[in-house]
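In what follows, a structure is listed as structure tokens, so that the remarks can point back to it.
Throughout, read-outs are computed from the coordinates displayed, never taken from laboratory work. Because the structure is predicted, anything quoted here is derived from the model rather than measured. Don't worry about glycine lacking a Cβ; one is built from the backbone with ideal geometry, like all the others, and counts go over all protein chains shown.
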Amino acid sequence: MQAIILAAGISKRLRPLTDKTPKCLLKVGEKTILEMTVNNIIKNGINDFVMVTGYRENMIKDFIGKQYPDLKIKYLTNPDYENNNNSYSLWMAKDYIINDCILLDSDILFDYRIISKLLASEHPNCLAVNCNHSLGEEEIKVIVDSTDKILHIGKTPSPLKSIGESIGIERFSHDFFLKLGQVLDRKIVKEQIVNEFYEVSFQELIDGGNGIFMVDVSEYRSMEVDTPADFERAASEIQGITL
């Protein structure tokens, strides 16, 4: 099992906090967001990492090198991080994934048991969903059928029809990830679509008959840090998260 962490973005919405520091290296309490993320992955027995970096990447590499000197990690540089989105960063990882994998955005505070629950699922392709979160236009929303198979995912589904929010942590089989890589390759190389959320490609695979299932992780705390208000709230939220 491998872990993919996407950490290339400039995080404009968090300025001025990210003027000199990548978002994942902001400290919440005594630890950085990245440190908590890596610890949660390792705690689940995953020790093989692929990380896509961009904005102030040397700070990230220096931090990992000092904090985890023996970590098995492959760094990939997204050189045009200001003009592309997370689908591009994920596309960059496609040739370095040789096993089943966990995919994470680098700006999530989360209980380590969320990954544990994904790994325990009977479905090899699944993603973590918070069914208690209030939904609006910005959330990545999920509509499922009676078996928890995802029918629609993205920002466009109706909040009233959606069961919850995808929190940005996924588990994929190697076979599924190969198919995802093919979709991303077509979009980015042939169609030059570089500024897209990766959930659009998830939806294409779903529409093509590839099953992805929801795993309800509502009993565990998580939050995404996108704005200064989120960052202020994170200090109190972290108290209720088991790391």
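For segment 2-240, what is the relative contact order in percent, using Cα pairs closer than 8 Å and at least 6 residues apart in sequence?
25
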Please give the direction-averaged projected area of the C-alpha convex hull for segment 152-243, in square nanometres with one decimal. 8.1
How long is segment 17-73 along each principal axis, judged by its Cα atoms, biggest number first, in Å? 34, 23, 17
Sites excluded, GluC sites (Glu not before Pro) in DSSP loops with at most 15 other C-beta within 10 Å, longest stretch of the chain: 139-190
Taking segment 1-74, which trypsin sites (Lys or Arg not before Pro) meet the DSSP loop condition and have no more than 14 other C-beta atoms within 10 Å? Lys20
Placing +1 at every Lys and Arg Cβ and -1 at every Asp and Glu Cβ, with all other atoms neutral, what dipole size does segment 55-172 have around its Cα centre, in debye to the nearest 20? 240
Once you charge only the Cβ atoms, +1 for Lys and Arg and -1 for Asp and Glu, what is the size of the charge dipole of the chain about its Cα centre, to the nearest 20 debye? 460
Local electrostatic count, Ile212, Cβ distance below 9 Å [Lys/Arg +1, Asp/Glu -1]: 0
Rounded to the nearest Å, the spacing of the alpha-carbon centers of segment 178-199 and segment 117-145 is 22
Indicate, rounded to the nearest 5 percent, the antiparallel portion of the DSSP beta bridges found entirely in segment 2-240. 50
Mind listing the long-range amide H neighbours of Ile212? Cut-off is under 5 Å, sequence gap 5 or more, other chains count too, H placed in the peptide plane at 1.01 Å from N. Ile150
For Pro157, net neighbour charge (Lys/Arg +1, Asp/Glu -1) across residues whose Cβ lies under 14 Å away: -4
For Cα extents along the principal axes in Å, one of (1) 54, 45, 30; (2) 68, 41, 38; (3) 44, 40, 33 was computed from the structure I shared and the rest are decoys. Which label? (3)
For the chain, with a Gaussian network of springs between Cα atoms less than 10 Å apart, report the residue from Ser134, Ser146, Ser158 with the top mean-square fluctuation. Ser146
Given Cβ charges of +1 for Lys and Arg and -1 for Asp and Glu, the option among Val215, Leu90, Val38 whose Cα lies farthest towards the positive end of the dipole of the chain is Val38
The summed charge of the Leu109 Cβ neighbourhood (under 14 Å; Lys/Arg +1, Asp/Glu -1) stands at -4
Using Cα springs under 10 Å in a Gaussian network model of the chain, which residue among Leu90, Leu160, Leu118 shows the largest mean-square fluctuation? Leu160
Mind listing the phi-derived Karplus ³J(HN,Hα) values for segment 207-218, rounded to whole Hz, using 6.51, -1.76 and 1.60 with θ = phi - 60°, and x for any glycine or proline? 4, x, x, 8, x, 10, 10, 7, 10, 6, 10, 4
